[in-house]
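Enquirer: Sending over a structure as structure tokens; questions will come in a sec.
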Amino acid sequence: MINIAESKGDVITKKTAQAQGSLQVDCEADIHAYSHAFDVIPNKFSASALELFLIQKGLTEGRSLSTTWGIFSAFKDLWKNA
């Protein structure tokens, strides 16, 4: 979970370091699966894609915390009821 007191730069640096050792997209099948990360039925890339999307909206674009929670809740509901 992201600490509210952390600066945007600290969060980006930490997430970049974590991403270097995590999921790697290295073949056509993975690229195809990643392009369907936000489909009704989640796949192995859905969690990381949602995390990146939330970081983009919340930190990079400066959206409010309630917007970030709204996006998260919408996908949680979508995938829970799939």
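Enquirer: Report yes if ALA47 is modelled with pLDDT of 90 or more, under 13 Å from the mean Cα position of the chain (by Cα) and buried (at least 16 other Cβ atoms within 10 Å of the Cβ), otherwise no.
Expert: Answer is no for this residue.
Enquirer: Can I ask one more? Keeping to the range 66-82, report how many residues are free of Cβ contacts under 8 Å to residues at least 12 places away in the same chain and of a type outside the set (Gly, Ala, Ser).
Expert: The qualifying residues number 6.
Enquirer: Right, another one. Scan the range 72-81 and tell me whether some residue there is of a type in the set (D, E, K, R) and within 21 Å of ASP10 (Cα to Cα).
Expert: no
Enquirer: Could you grab me the full set of residues in the range 27-74 that are part of a helix (DSSP H, G or I), out of contact with any Ser or Thr (no Cβ under 8 Å at 6 or more places or on another chain), closer than 29 Å to SER7 by Cα and among the hydrophobic types (A, V, I, L, M, F, W, C)?
Expert: Matches in the range 27-74: ALA47, ALA49, LEU50, LEU52, PHE53, ILE55, LEU59, LEU65, TRP69, ILE71, PHE72, ALA74.
The values are calculated or read from the model by the stated rules, or taken from the named source; none is laboratory data. Here the structure is a predicted model, which is why all the values come from computation and not from measurement. Glycine gets a Cβ as well: all are built from the backbone with ideal geometry, and neighbour counts include every protein chain shown.
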